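Each remark here refers to the structure printed beneath this line.
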Amino acid sequence: MARIVDVEPFLSLYPFHLGEDETIVLHIEDQFCEWNTGTYFVTKDEVRKFQMTKEGSSCIHPPKRGISCSIQSLTTMLLNYQTPTTLLKFDAISGKETEITLLEKAIPAKAPALFDFF
């Protein structure tokens with residue numbers, strides 16, 4: 001079991017494989033840790049969280065760009081338990097196929113490991 005407690009610093013430390021002109025836009029929903037809910041722009045050099053101009057404001061239109069997912073799905077993808085393509089097939093995430101492919105390419109291909117010993 002795993003949980004990303006603070007998305008912005010986690011994304012900042014994550015070793016994404018992105019080119020100079022590539023950007024991943026993530027729309028994250030977290031029911032329990034409201035500070036994680038938001039839109040994140042991930043580039044090769046930085047992670048920026050979209051800052052709302054008014055407290056409590058929200059857009060009534062669905063985003064035209066980016067990948068929408070829960071914190072659980074984000075954790076699943078970034079810890080290599082499931083691929084973005086697999087989660088898309090099961091409607092656990094949403095977004096354009098080109099953006100899903102970019103995210104999948106940007107995630108280092110490593111096997112997940114659980115070290116459960118002391």
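Is it true that some residue in region 48-64 is at pLDDT 95 or above, surrounded by 15 or more Cβ atoms within 10 Å (Cβ to Cβ) and either of a type outside the set (G, A, S) or not in a loop (DSSP other than H, G, I, E, B) (or both)? For region 48-64, residues at pLDDT 95 or above, surrounded by 15 or more Cβ atoms within 10 Å (Cβ to Cβ) and either of a type outside the set (G, A, S) or not in a loop (DSSP other than H, G, I, E, B) (or both): absent. Scanning region 36-55 for residues that are in contact (Cβ under 8 Å) with a residue 12 or more places away in the chain and under 22 Å from K105 (Cα atoms) yields T39, Y40, F41, V42, T43, K44, E46, V47, K49. Pairing residues of region 82-101 that are in contact (Cβ under 8 Å) with a residue 40 or more places away in the chain and at negative phi with residues that are among the hydrophobic types (A, V, I, L, M, F, W, C) and outside any helix (DSSP H, G or I), at Cβ distances under 7 Å and at least 6 apart in sequence or on separate chains, gives E99/I67. What number of residues in region 85-100 are among the β-branched types (V, I, T) and within 13 Å of L26 (Cβ to Cβ)? Result for region 85-100: 2.
Can you name the residue in region 66-118 that is touching an Asp or Glu at 6+ places or on another chain (Cβ under 7 Å) and not in a loop (DSSP other than H, G, I, E, B) and is also farthest from L11 (Cα to Cα) among such residues?
Per the criteria, the residue is T85.
Taking residues in region 16-35 that are more than 14 Å from E99 (Cα to Cα) and touching a residue at least 24 places away in the same chain (Cβ under 8 Å), and partners anywhere that are of a type in the set (F, W, Y) and surrounded by 11 or more Cβ atoms within 10 Å (Cβ to Cβ), the pairs with Cβ atoms closer than 8 Å and at least 6 places apart or on different chains are I28/Y40.
The values are calculated or read from the model by the stated rules, or taken from the named source; none is laboratory data. Note that the structure is a prediction, hence the values are computed from the model and not measured. Positions of Cβ are backbone-derived with ideal geometry, glycine not excepted, and every protein chain shown enters the neighbour counts.
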